[in-house]
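To start, the structure under review is shown below, and the notes come after it.
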Amino acid sequence: MSLTVRPVSAADYADWRYLWTAYLEFYHSSVSDAVYEMTFSRLLDPDRPQQNGLIAFKDGQAAGLVHYIFHPHNWRIEDVCYLQDLYTDPGFRGTGIGRSLIEAVYRAADDNGTPSVYWLTQDFNETARILYDRVATLTPFIKYQR
């Protein structure tokens, strides 16, 4: 099976929205149509190079997505990279899509001179955490939010 991971393009809106909706639903979340439209617009905007999205296709079918954001960090000279959303369609899980998307973000971060990539997941996301334990280091931080 052939796998392609590439930046999101304008023609990907329906596939991207389907995948991101499924991701949000996994986390019992939703966003308004205005947020879908604004987020997609930002991902395509060449004047916003800090906000990025990649989409994976397996044999021509939309199979996964990742969003990532470069931002300054007070403890580093270079930016850091926040991998915000990562999703693989259930029909494609176990085929290397998630790992390929993470590795694509790692390459983008390296190309950007951004050595640190981090992300969050919920503790109940055991399946994804098996992969994350293979490709990254678990930190002891606990997230607080207003």
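Within region 7-33, track down each residue that is more than 16 Å from the chain's Cα centre (by Cα), open to solvent by 70 Å² or more (accessible area, probe 1.4 Å) and either within 25 Å of E103 (Cβ to Cβ) or among the small types (G, A, S) (or both).
Residues satisfying the conditions are A10, A11, A14, S30.
Those residues that are at pLDDT below 95 and outside any helix (DSSP H, G or I), I need them from region 126-141; list them, please.
Across region 126-141, the qualifying residues are T137, L138, T139, P140, F141.
Restricting the first residue to region 82-105 and requiring it to be over 14 Å from A22 (Cβ atoms) and free of Cβ contacts under 8 Å to residues at least 60 places away in the same chain, which pairs with a second residue that is part of a loop (DSSP other than H, G, I, E, B) and open to solvent by 30 Å² or more (accessible area, probe 1.4 Å) meet a Cβ separation below 6 Å and a spacing of at least six or different chains?
L83/W119
Report yes if R146 is assigned to a loop (DSSP other than H, G, I, E, B), free of Cβ contacts under 8 Å to residues at least 60 places away in the same chain and among the charged types (D, E, K, R), otherwise no. Show your work before the answer.
Numbers: assigned to a loop (DSSP other than H, G, I, E, B): yes; free of Cβ contacts under 8 Å to residues at least 60 places away in the same chain: yes; among the charged types (D, E, K, R): yes.
So R146 passes the test.
Scanning for something under 20 Å from L43 (Cα atoms), free of Cβ contacts under 8 Å to residues at least 60 places away in the same chain and of a type in the set (V, I, T), does region 128-142 turn up at least one residue?
no
Could you tell me whether S2 is open to solvent by less than 60 Å² (accessible area, probe 1.4 Å) and more than 17 Å from Y82 (Cα to Cα)?
No, not satisfied.
Based on what the data block shows, is D12 in a loop (DSSP other than H, G, I, E, B) and within 30 Å of G113 (Cα to Cα)?
no
Among the residues of region 107-127, write down those that are closer than 14 Å to V66 by Cβ and touching a Lys or Arg at 6+ places or on another chain (Cβ under 9 Å).
Once the filter is applied, which keeps residues that are closer than 14 Å to V66 by Cβ and touching a Lys or Arg at 6+ places or on another chain (Cβ under 9 Å), region 107-127 yields L120, T121.
The values are calculated or read from the model by the stated rules, or taken from the named source; none is laboratory data. This structure is a prediction, so every number in the text was calculated from the model and none was measured. Here Cβ is always computed from backbone atoms with ideal geometry, including for glycine, and neighbour counts include all displayed protein chains. In case anyone asks, the SASA skips ligands and DNA or RNA and just uses the protein heavy atoms, side chains included. Shrake-Rupley method; radii C 1.70, N 1.55, O 1.52, S 1.80 Å.
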